[in-house]
Amino acid sequence: MRFSYVDQTIAKYTVRTPIKGDDLQQSLEYILIGKPLAYKRIGKNIIVLYEDDTKKQEASGQFTSVRLTIVDARTSEGIYFANVTISGSRRGALSDAHGQAVVQHIPYGDYTLRITALGYLPLDKALHLSSQEISLDTIRLEPSDIRLDSTIVFGERETWRVSDPKLRVQPSVIVIDHRKINSTPSVLEPDLFRTLQTLPGVTAPNDLSNELYVRGGTPDQNLITMDRAIVYQPYHLFGIAGIFNTDAIEQVNFSTGGFSAQYGNRLSSVIDVRTKSASPNKFSATGNVSLLSSKITMDGQPNKHWYYLVSLRRTYLDFATKAAVWLKIAPESIPYSFYDGLSKVVYRPNTLHEFGTSLFFSQDKFFSKHRDYEYVFNEFNVSRKLPMYSVGRLDYGWGNLNAAIYWDWQAGDLFRSRVTISQSKATIKLDEDLYYGYDSGAPDSIRRRTDSLNALQEKRPFDTRNYIVDRGFAWDTQWEWLNEHSMYLGVSLNLIEMSYYWKNFNAPPHYVQVFYDFAPDSFRYQRRTTNLAFYIEDMWKKGDWTIKPGIRIEHFSSNKRSLLISPRTAIRYDVSPKLALKGSAGIYYQSLFTARERGYIGFLEVPFSTENQVEKATHIIAGGEFFPNPNIRLTADIYFKHFNRLYRKDRSSDSLHFDEGVGDAYGLEITYRRIGNKMSFEADYSLAWVTRTFDQKTYVTNYDQRHTLNLLFSYRLPKNWTVDARWVLASGRAYRPTEFYGAFVDINLFDGSVGTSPYAYEFGQKNLDHLEFYDRYPFYHRLDISLVKTIRFNAWTLKPYVSIINTYYSNNPLFYDYATSGSVITNEPDPRRLYYSKRKGYGVPILPSFGAFFEF
């Protein structure tokens, strides 16, 4: 073939795209998408024209749009990233996670529609366009013999290359869909946060916790949003499970650092959860029954204008344990339950406008009321049982209520606008008290004693009422203002109200970490704060270079300074079609923080805002990605994160006073992914250092973990069986003992068999807050395996599964603590010291689980 063009108008456009196995027409359609070029084929000649030269053909001004849905012919599941092209036009599109695609601004005429997707046979369809909008019937593609397993494919090359240019230029961004989440072995049932914990740069404090420590940041420094509404309390089950129903998730954009100027008021990472918004069916349902809960998600698109989604989940621990007690196979029930739900409605009157609303709620409930005669017997040290008993009552609940409405307007290819109004509310309620009662035949002396004790107890009940409400408005726009420039501009306003109250806490210091490291006995805090932000970014594409400078300007009413300016930039250089280099840098601010640095599980997080300057961090990231072939992806990032300003609760005072400090986090992350026909493999390695400096003392944090290696494996067995596995190996995290009077760790008595030093007791007081030395947990390793069988009955799909957590029982400690009795070392020369051995808290045992996914 010969190409003809005019140098003055065409030569400035350079196209570099690997083409393999495609015919000439398909190659040309793919190459010219996104370029202001069109072509005509005359005999053996290809004439390439500048778009302005084709205006004569479009003089009538009559254009149309084509909307279609592309699904798997066997499973009816939407096909992600199918390529849709219109012959004789540069117009084209890619399908979303539900297989939907819209090709806009096509002149009236006769065309050939061509649809291609990796792992499917191509399809051609003749089109006659002569109306304002055409909605085609569902397009069904037949799988080819080289179809790849989709259970662990996420964030692959096409995701970074085409789906979102903003994500493509940013380093340290991972795109995950619900299939990846559901295929990752997890405790009891699939969980978003458990999946994120397998990624490089992410650590957790122990096996139980669902918290995310991202590149040296704490959990409160992660921005978690669902459909653009901020989620402040993302955990169920005392922090062990997440609140997101994975079946309702379309995709998650996870940025571990250097994120866009669109996001603010956080220092470490962004977890942007997008729920489903389209479906190829009028009605469909997916669900899961596991040992933890049962859930169902129903959605559908009754016509081209409307979409709906309803998702519900509830645990049955309370029902199951009550049944176990009734069957006399358990001594007592567990008075705990949780539930959550999501509803969403989307209305598309045409291809230009989309309106949507969503409502999410979650609630955890723990209520216990227990009568105890032994407590009275032991408390009053009596020699006989009295006709008197104690009643302990605990009423504990926490939850979320999030609502959002949005309007998405797309004016052709040049302008797009999205307005979002949201409200997020997180609440905590906890009541605990103790009172006394007596039997019906109790003497008057017991009755009088009981009444007097109750009169005293009424003055000391524990009570807490905490909530935070965030009312937000955001307007985000995208402008294609020049051929090589895309402008992103937006404003946001958040009105935040915080109200915290508790009294008569009276807990030992190492329990108070549920609020923050050291909390006063009684406390009241109320504050309203306003956050106003404006951002602008210009993504400039010039040849093989993509540069995206931006700036975010913020005003926090709680801050002493009026305006805070955050310059940010990202850059990408395509060395070749297979190799790209990336980098980013920026300044980040955060006005809310939890001030909790210690603790095993955080489940009563309450963020604070002070009159001081807000927290601040600086990110610098450099990395690259290499694609030797379409099935292999290798990425590497090096990062440096300096925390210019951090706050921590003042340990020496019960007042709400915070110490100011700094910190550093830096490291290397490498990821290798290989997607095969039957076997897929992923390896993630992290090398990291995390330090903090307070009171002019630098120390490593308890989430400093030097080496982490995650290996993920998936293999398709015959007869529709799939086995997924995850093995993790990590060096021990740093730890130091909880502060208590007269206690310290004797570094000279280090026990090499367990990798720690014993605790010692010395008369007097010793503050262990920031010792120059520290111990580490032993090396951590664990293997998780799951086995899934896919069974299809016409329109039904059933996937029973079994998983085993900690398959070969690696005895990983949950925590180390001190023992207050026993194992005393008495042969020390200094009689003033008594040395105690540590007490080891074990992690998860071998934990089998089973359940079933269903879909129809």
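Among LYS282/LYS304; LYS548/LYS582; LYS548/LYS616, which pairs are too far apart, with a Cα-Cα distance over 20 Å?
Going by Cα-Cα distance, LYS548/LYS616 fall outside the 20 Å limit.
For LYS789, project a label point 7 Å along Cα to C-beta. Then give me every residue of the range 687-718 with its amide nitrogen under 14 Å of that point.
Within reach of a label on LYS789, which here means backbone N under 14 Å from a point 7 Å along Cα→Cβ, the range 687-718 contributes 717-718.
Could you check the simple spin-label distance between LEU495 and ALA285, using points 7 Å along Cα→Cβ, in nm with one decimal?
4.1
Take the Cβ-Cβ distance between THR530 and ILE565 as r, set R0 to 22 Å, and report the resulting FRET efficiency rounded to the nearest 0.05.
Once rounded, the FRET efficiency stands at 0.75.
Determine the gain in length on full extension of the stretch ILE638-TRP326; use 0.36 nm per residue of separation and subtract their C-alpha separation, reporting nm with one decimal.
106.6 nm
For q = 0.10 Å⁻¹, what log10 I(q)/I(0) does the range 167-275 give under the Debye formula with an equal point scatterer on each alpha carbon and no solvent?
-0.25
Whole-Hz Karplus ³J(HN,Hα) for the range 635-646, in order, using 6.51 cos²θ - 1.76 cosθ + 1.60 and θ = phi - 60°, x for Gly and Pro?
After applying 6.51 cos²θ - 1.76 cosθ + 1.60, I find 10, 8, 9, 10, 9, 9, 10, 9, 8, 5, 8, 10 Hz.
Full extension from LEU687 to ARG776: what is 0.36 nm times the residue separation minus their Cα-Cα distance, to one decimal in nm?
30.4 nm
Could you check the simple spin-label distance between ASP137 and ARG471, using points 7 Å along Cα→Cβ, in nm with one decimal?
Computed distance between label sites ASP137 and ARG471 equals 5.1 nm.
Mind ranking 326-338, 688-700 by how tightly packed they are, going by the mean number of other C-beta atoms within 10 angstrom, highest first?
688-700, 326-338
Distance in nm between label sites at PHE367 and ASP695, each 7 Å beyond Cα in the beta-carbon direction?
Modelled inter-label distance: 4.4 nm.
Taking R0 as 56 Å, what FRET efficiency do you get between TYR308 and ALA455 from their Cβ-Cβ distance, rounded to the nearest 0.05?
0.50
Say R0 is 22 Å: what FRET efficiency, to the nearest 0.05, do LEU401 and THR357 get from their beta-carbon distance?
Approximately 0.95, to the nearest 0.05.
FYI, it's all coordinate maths here, none of it is from the lab. Being a predicted model, the structure only gives us computed values, none of them experimental. As a convention, Cβ positions derive from the backbone with ideal geometry for all residues, glycine included, and neighbour counts pool all protein chains shown.
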